[in-house]
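So the structure is just underneath, and the comments pick up after that.
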Amino acid sequence: MAVAHKLASMGHPIQLAARGANSLLADKTNIELRYNVTVTLHEFDALALDTHDAFVAGLGELPQIAVCAVGLLGDQYQAEQDVQVASLIVRSNFEGPASILGVLANHFEKRGSGILVGISSVAGERGRATNYVYGSAKAGFTAFLSGLRNRLARKGIHVLTVLPGFVATRMTEGLDLPATLTTQPSRVAEAIAHACKRKKNVIYVGRVWWLITFVIRRIPEALFKRLRI
Amino acid sequence: MKLSGWGRYPLIEASTYAPRSEDDLRDILLSKKSVIARGNGRAYGDSAINADATLETRCLNRMISFDQTSGQLVAEAGVLLGDIVAAFLPRGWFPMVTPGTKFVTLGGAIAADVHGKNHHKEGSFRTCVDWIDIMGSDGEVHRCSWDEDRDLFDYTLGGMGLTGVILRAAIRLRSVESGWMRQRTIAAPNLSAALEAFEVEKNATYSVAWIDCCASNRNLGRSLVILGEHAKLSELPSSKAKEPFHKKTKWKISIPFDFPSIFLNRFSVRAFNNIYYQSGAKKIDVRLVDWDSYFYPLDSVLNWNRIYGRKGFSQFQCVFPLEQSEAGLTAILEEVASAGCGSFLAVLKRFGPQDSSFSFPMEGYTLALDFPINDKTLRLAEKLDQIVIDFKGRFYLAKDSRISAQTLRATDVRADKFCSVRNARGLSTRFASAQADRLVL
């Protein structure tokens, strides 16, 4: 939603897609009033893969920038016990987002322009005991975005991978997060808008996560497997 | 987490919650012993802190509707005044009443019944409020307005959040032709000249004075009285008239660290005030100023509260009734000048008539002074409290962080009535702030 605000403040019309899109009526009005742009609502279920073609066809106008902010943190322990839970996490963070971006990519390719933004996570940079189901799904999504970028690079379509650390959203509400490592959604939105303008490929928000990831990825596996991080 | 107001004093350990919907809010409210709502934390003291549960309204910040003909905006309580300006000034609308910062929420502006530079003509924030939706101690939402539960409406405006959690409100904006202000400055060599300037210029839409509180003897109360009018299109040069609402993006300065307390001393403050007065006295012509610099000069220095150092500061703001104003102000300024702890920022303003249940303004003059927190200034403030009592003045609760319950009752006979209304409506057990506890409200 913060990304929608940011893009609307730059004068872009907004299409909001979600499950139960009607629950976003108040947000639609809010954005229209604040930024004097048109906002439309679209029913969308990331998990219903067979509806994605029809969803894009039904958008009316194909967007210039498509931002995929779909995700489910889930509970690691439950995911270890119950394969259904694990599957839902993987489908929500990888299969669904990859599918819709894939469909949009084909439409963008036909048109020859557009920017695809995928919000993945630093959790996908290395699997850790505390959230590797979520992390592995995000890792898959990150790899998907990288491949998509490679495929579309010469076709005028740009793909941006966003790797946020902790963000104060509904997903992280109630978790005990270190305040200095936690960013506000509005900062993520600023970073995304800036990266779209500059055609950046991969961005970390906040930047300290680039360093953290850099270090974590370089810890030898023999040592890493004994760590609790 | 540790919470404080804008003055960074006092600092209180408190649990905070940021509900995302009315239902979230109700769940928290009903599960806690007592709560207080908090907007953007711009009240200076402990008004918006409750150790048990401080409810931040930052996620309840949607605009709901706008009527192009009447200028009525309906919005949730967490919307910032600055957001309203950003959204509606380009369409020719500006807040009817605005305080000296745009970083306050709609809910906060209502709870403190804030005033602006046009109070003498147009009254406090309540002037532009059509109705308020407020969540009571039972979690039910009540609408109150000029003709619907008028009592609750009156006590909510100026009630410091102690009558419930303000959820949304309808306010009226004013139509303006441009974002520019015609500003005129009058240099007043002493207090009586300043007061006279306010009386002579009472037809100006906006008026306020910066007052040099380091000056003493024959210079006591010397001021720059600054008047303003919204510039009409016909009053703009053609370069500005083309895009009357356009404003260059200003550089923002941010104070990245707490200044050491030695930075503010009687010499630096005196020098600053001297230079400010002398340079201001030279600029007495009429000039065009953009709305941001005119209404919100301090907003361009983010975190300016850090200038006062780690211990924070307190703002002393009182109002004296008209007939007592000159004597009361003289007594305050003499006390401040002789104590030698001048205030960096001192503001004087004429209030027009106001008759409301618990709001701060009354007809007369209000003076606001900033002091860094230390033993000396706290002793000075107690002396100033006595002057306010002697000259029948009263205090602005949105600025207060230190007066006692006795001082409040000695200056505001309405306090007991406010308490009894709270009791009668079952609000006193559910809604409480650190300030309300201190003042036994």
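Nothing in this text is a laboratory measurement; each read-out follows from the coordinates by a stated rule. Treat the numbers as computed from the prediction; the structure is a model and nothing was measured. Don't worry about glycine lacking a Cβ; one is built from the backbone with ideal geometry, like all the others, and counts go over all protein chains shown.
Annotations for the structure displayed:
- For the range A:64-154: span of alpha carbons on each principal axis (Å, largest first): 45, 22, 16
- With R₀ fixed at 56 Å, the C-beta to C-beta distance from residue A:64 to residue B:278 puts the FRET efficiency at about 0.50.
- Label-to-label distance, nm, for residues given as residue B:324 and residue A:57 (7 Å Cα→Cβ offset): 7.9
- Peptide ranges A:195-203, B:172-180, B:114-122 listed from the most packed, as the mean C-beta count within 10 angstrom indicates: B:114-122, B:172-180, A:195-203
- Using the average count of surrounding beta-carbon atoms within 10 Å as a protection proxy, the listed peptides A:174-186, A:146-158, B:158-170 rank, highest first, as B:158-170, A:146-158, A:174-186.
- Across the range A:64-224, C-alpha contacts under 8 Å between residues 6 or more apart give a mean separation that, scaled by the residue count, equals a relative contact order of 22 percent.
- Å³ per residue enclosed by the Cα convex hull of chain A: 136
- In chain A, the DSSP-assigned H stretches of four residues or longer account for a calculated mean residue ellipticity at 222 nm of -13500 deg cm²/dmol, using -39500 (n - 2.57) per stretch and the full residue count as denominator.
- Two-site FRET efficiency, residue B:147 against residue B:425, from Cβ-Cβ distance with R₀ of 25 Å, rounded to 0.05: 0.85
- All other residues whose Cβ lies under 11 angstrom from that of residue B:211 are scored, Lys and Arg at +1 and Asp and Glu at -1, for a net of +1.
- For residues of B:58-64, the mean tally of beta carbons on other chains within 10 Å: 3
- Helical segments meeting 20 Å axial Cα length and Kyte-Doolittle -1.0 threshold in chain B (DSSP H): B:266-282, B:322-339, B:375-390
- Normalised contact order of the range A:22-158, rounded percent, pairs of Cα under 8 Å and 6 or more residues apart: 24
- Rg and Dmax of the protein assembly as shown, based on Cα coordinates, read 27.8, 85 Å.
- Cα-based Rg and Dmax for the range B:179-283, where Dmax is the largest Cα-Cα distance (Å): 17.6, 50
- In summary, the lysines within cross-link reach of residue A:110, defined as a Cα separation below 21 angstrom excluding same-chain residues under 8 places away, comprise A:155, A:199.
- Taking 0.36 nm per residue of sequence separation and removing the Cα-Cα distance, the residue B:174/residue B:59 pair yields an extension gain of 38.8 nm.
- Given charges at beta-carbon only (K, R positive; D, E negative), |dipole| of chain A in Debye: 1180
- Cα-based Rg and Dmax for the range B:370-441, where Dmax is the largest Cα-Cα distance (Å): 13.6, 42
- Within 10 Å of the Cβ of each residue in B:303-311, the mean number of Cβ atoms contributed by other protein chains is 0.
- At the listed q of 0.11, 0.15, 0.16 Å⁻¹, the Debye profile of the range B:180-406, built from one uniform point per Cα, gives log10 I(q)/I(0) equal to -0.60, -1.10, -1.23.
- Residue among B:381, B:418, B:407 farthest towards the positive dipole end of the range B:346-441, charges placed on Cβ: B:418
- Charge dipole magnitude, Cβ of K and R +1, D and E -1 - the range B:63-177, Cα centre, debye nearest 20: 580
- Net charge of Cβ neighbours under 13 Å - reference residue B:59; Lys, Arg +1; Asp, Glu -1: -2
- Between residue A:110 and residue A:146, the modelled labels are 3.1 nm apart [label points 7 Å from Cα along Cα→Cβ].
- Peptide B:82-90 has a mean of 2 when you count, residue by residue, the C-beta atoms of other protein chains within 10 Å of its C-beta.
- Mean silhouette area of the range B:63-177, derived from the convex hull of its C-alpha atoms and averaged over all directions, reads 7.0 nm².
- Judged by the mean number of other Cβ atoms found within 10 Å, the most tightly packed of the peptides B:418-426, B:380-388 leads the ranking B:380-388, B:418-426.
- Computed helical MRE - 222 nm, chain B, DSSP H runs ≥ 4 contributing -39500 (n - 2.57), nearest 500: -8500 deg cm²/dmol
- Rough spin-label spacing in nm, given labels placed 7 Å along Cα→Cβ, for residue A:227 and residue A:181: 1.0
- At 0.692 mPa s and 37 °C, Stokes D of the range B:393-434 from Kirkwood alpha-carbon radius, µm² per second: 289
- In this Cβ point-charge picture (+1 for Lys and Arg, -1 for Asp and Glu), the protein assembly as shown has a dipole of about 2720 debye about its Cα centre.
- Dipole axis of the range A:122-229 (+1 Lys, Arg; -1 Asp, Glu on Cβ), positive-most option in A:182, A:222, A:146: A:146
- Chain B - Kirkwood radius from inverse mean 1/r over Cα pairs (Å): 22.2
- Taken one residue at a time, the phi angles of the range B:159-174 give Karplus couplings (6.51, -1.76, 1.60, θ = phi - 60°) of x, 6, x, 8, 10, x, 9, 6, 9, 7, 8, 10, 10, 9, 9, 9 Hz. Gly and Pro are set to x.
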